[in-house]
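First up is the structure itself, then whatever we jot down about it.
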């Protein structure tokens, strides 16, 4: 078969005769290959990539030297008037590369293999490259990034095109060029800013990339552009800093808003610190100063401010951007009838519609309205206004940004005033959740049944936007819902369940490719004489069809939304099951195998799923398993357990973690799939994972073992303990000090930031903002830039100024707050310490469940525990857990009736729903509770063990006695139960020994402590104390036995569904 002739333009590019001939050849080649994949393939096979790389490299070096001489004063002509033939050659070569990349992953692979990225990235500096060429280069990079996304392998391949692109893009010189582009103050640079934001939004997918962008100041530059847009619309706080407003860059056009919002979302996702960096960015703080920034003497609520200003100022007030929505009544407000709200509470300002309190009949409303003061920053009010007034992508990304910021502020501001969190949830529930649900109205409709839109760039952009909304709207809804039960109910009331299940089901429907493979007379195997030696002449894999990628993204997003909406309410889970979507969850749990050919992958369940879909399916299965009825029926019917068990041995560690997280509830004692999983060998698998160096995998594996040993025969308990290793289990429970979380050299343990307003192990509030007395510090300690650079602002390497912090430096308290948040999130020593606390809690709970059996066989288990672990070793570990220094002894809980109630009767395998910023009271309190109830279980056994317990004097004087004043009522209840069990009388022959134990307890000071607890503000503590006082009094008087209430062995750890996490 005859070989296809080489295009004449390629011959000229290989051996150019002049610059003009090069330009003509490039233009001819560009016109020939546009929209023609066969000609693109021929050009690739004839070596066009090598020619393009040589042209771009040579012209870039020549132009760079010339630009450097001009910047040094050797040329007087303006840059706009110096467009040369070399610049035109670079532009045409860049456009040819962009046309090839537009063909998809198959054409991007030879471009990357041929080294097209380095010369392209060298053309990004606005100080050395003409604006027209910067625009073309950014457009090509965005096209390459979009094509790489179609290589949706579902495996972590180190040398994959996406990883290579990120490796080349996120380097210090390139990122600083991107910063220079974002810092340009010329109004003509808007297209550069938009393309840069698009590039960041498409490629910023890894944690390392996000951290690097923040350190290089990209987040602050994006924030300044958002602030400039807000200021251009007149939306700013009445307390805005005029100097900051004057220093803002030119406002971007409205068409750039969605890309700026998307870029910010991609950078701050999954990090409270980065969210705080956005809220406290100089431009945002200057335009939207938070309430904490305003001084006490000048602070006036925005509502009061508006009543004293002129009408023009009132219209610009941030609070007028929010619809009038009544706040949740705080404890300090007087009650009034919900049927007759306060006068004026429904008055409207301008055209803003009022949302009445009747939208939530079960919530008692307040006399005041929700304002921007209820949020961490007035930025929330503006973003909510954007989401309510804009459309399509602008609305979606504004709502997404609100959701991320809201979730972050909950974590790093735990000490918000009374009612503020409820007001935030109420605002999001009523103002944003219905809007996002409505955006999913057409998410499940099939584009195949619609008439194809007329050709044109506008129609193509509309189609891409519509597909993007379908892919991301459910995920945005999941982020908005979080763990708020009211928000989940509001989403269900808006019809979200039906829409989510429809999207999930339609993601398995067959798709018809919009682009059919064209016939070629030349076999693909021909003309491959250079393929083996030169990958730049060989087409890469086609990747997944765009329609398949779209369906898989919709599937992942729908699974995330299902997991969020089924998080807490059993009724919503039943609705999901009734819709028939649970089978889709099972089908989504099958990953691609190693032999999967992406070119043949469809949306069918038998083809498998990429990793992120599998992880989302595990999350959905975990939420659905939080119902006892679902565990016993639907999860068995749809066979969810078997594919999850297979995922426990998946080679990718993230999949293993997700599978363990999903299987924890499946091994509860009332689960119908527990026995089959045990027969499959889940004990050995979990015990192996428990010894992993991966902290989360170790923690979750111990949690699952804790459920496995609850209410099972002693032989199985012993089998589980032997699988873990008794010595190793006790070592984990002891939490022996490790160098990995010791304080860094030069920093004492006492000055390690823990969190703002976060209770320490004793329940005391630690106010780091007031405790920090250090001078201004570098927030990003690991940043390549110096501390003065981070504090005073950053200058670019060229002639344009970035947005400088120097005239508007952040207050010391704000910098200390940011530093504490960053340290709590990124400090490896604190992270290791938190991980160790979680592991300690689960290891102690395993011991607790081993002993939770008051029957005779349970007594045998107590003997086994003491013989295996050693009596002295066990008591030493428990004493170390109970001896918390500086335990709060304030008797405020004795008379307060408003302290949070958490009955020990509801303790059932709880954990923090999201990773806390620092070791919090929730972790340390859980460890204390586990240690106390281990003693309660031991005291519920025979008199021999009660006497043995009481012989450990230091255990009671240094551990239990101070805990009777602990601020958490669950700890006080556990200690009272211990005293009750120690004074229990089994029969008449045991009365003498019980009297001796009571006398010993009285000598240790327990009688006075119990008398004080009779006035406790918690009803559960008070009633348990009454019973214990009665029992101890009878023993001391030598009267009666067995009439003081039933003896309790305490509560098991993990006795209930782990879904109710707080």
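What follows draws every value from the coordinates through simple rules; no lab data is involved. All figures in this text were calculated on a predicted structure; none of them were measured in a lab. Every residue, glycine as well, gets a Cβ built from its backbone with ideal geometry; the counts of neighbours run over all protein chains shown.
Quick rundown of the values:
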read-out: Cβ crowding within 10 Å averaged over residues, with 139-149, 985-995, 374-384 ranked highest first; value: 374-384, 139-149, 985-995
read-out: Alpha-carbon centroids, segment 178-229 and segment 389-407: separation in whole Å; value: 18
read-out: Inter-label distance, nm, simple model (7 Å from Cα along the C-beta direction), residue 254/residue 605; value: 4.6
read-out: Efficiency of FRET between residue 28 and residue 391 - r from beta-carbon atoms, R0 41 angstrom, step 0.05; value: 0.45
read-out: FRET efficiency for residue 1015 and residue 693, using Cβ-Cβ distance with R0 set to 45 Å, rounded to 0.05; value: 0.35
read-out: Ranked by how many other beta carbons lie within 10 Å on average, peptides 94-102, 228-236, 638-646 from highest; value: 94-102, 638-646, 228-236
read-out: Inter-site label distance for residue 205 and residue 996 at 7 Å from Cα along Cβ, in nm; value: 7.1
read-out: Computed FRET value (nearest 0.05) for residue 485 with residue 246, which takes r as the C-beta separation and R₀ as 35 Å; value: 0.15
read-out: Separation of the residue 711 and residue 986 label points, Cα + 7 Å toward Cβ, nm; value: 2.5
read-out: By average C-beta atoms within 10 angstrom, highest first, the peptides 697-710, 210-223; value: 697-710, 210-223
